[in-house]
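The values are calculated or read from the model by the stated rules, or taken from the named source; none is laboratory data. Bear in mind that the values here come from a model prediction, so they are computed numbers and not experimental data. Positions of Cβ are backbone-derived with ideal geometry, glycine not excepted, and every protein chain shown enters the neighbour counts. Areas reflect the complete protein model, heavy atoms only, side chains present, ligands, DNA and RNA absent. Shrake-Rupley method; radii C 1.70, N 1.55, O 1.52, S 1.80 Å.
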Amino acid sequence: MVLTVAVLLAVGTFVFILFVRDQDVPESPPVPPTAHLEQRKAQIYENLRDLQFEFRVGKLSEADYQKTKVDLQRELAKVLAEIDATPAAAQTKKAAPPAAKAKADGKKCPHCGAKFQQALKFCGECGKAMAT
Ligand SMILES: [Zn+2]
């Protein structure tokens with residue numbers, strides 16, 4: 001009887017240790033939710049580069065090249081959209097400076113006609129005042 005209890009206790013302790021150990025083991029380091037997408041994106045870019053190279057060295061016909069390129073670009077667009085859809089990416093976007101709208105309010109120098117992405121006090125081309 002005593003022996004049985006001892007064995008049970010030993011087994012119980014053993015199982016307990018195993019169980020706790022298992023939980024203590026840190027899971028794989030935190031991976032950003034877009035990690036696999038970023039990886040996929042890099043892969044597609046690489047494929048595109050390879051494709052371009054193969055086309056240039058004459059391994060591919062123009063038709064094959066175009067078709068594969070379109071396929072890859074379509075896949076790339078899908079991956080990029082998925083990355084955009086993740087909350088992490090949305091946050092990064094919010095923090096980033098609004099570069100996209102620069103095109104809309106581009107400024108043109110009244111003196112030399114040089115165009116700039118943002119309003120400047122002085123033209124970067126001719127140096128004259130551009131203030132409105
Ligand atoms: Zn100018």
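Residues 122, 55, ordered by accessible area of protein heavy atoms at a 1.4 angstrom probe radius and largest first, appear as 122, 55. Taking a Cβ cut-off of under 11 Å around residue 120, the surrounding Lys, Arg, Asp and Glu residues balance to a net charge of +4, with basic ones at +1 and acidic ones at -1.
Add +1 for every Lys or Arg and -1 for every Asp or Glu among the other residues with Cβ under 10 Å from the Cβ of residue 75, and state the total.
Details: positive: 40, 41, 74, 78; negative: 71.
Its environment carries a net charge of +3.
In this simple spin-label model, placing a label point 7 Å from the Cα along the Cα-to-Cβ direction at both residue 118 and residue 73 gives a separation of 3.1 nm.
Once you have the Cα-Cα distance between residue 36 and residue 49, take 0.36 nm times their residue separation minus that, and quote the gain in nm to one decimal. Walk me through the intermediate numbers first.
Numbers: separation 13, 0.36 × 13 = 4.68 nm, distance 1.99 nm.
Gain in length upon complete extension: 2.7 nm.
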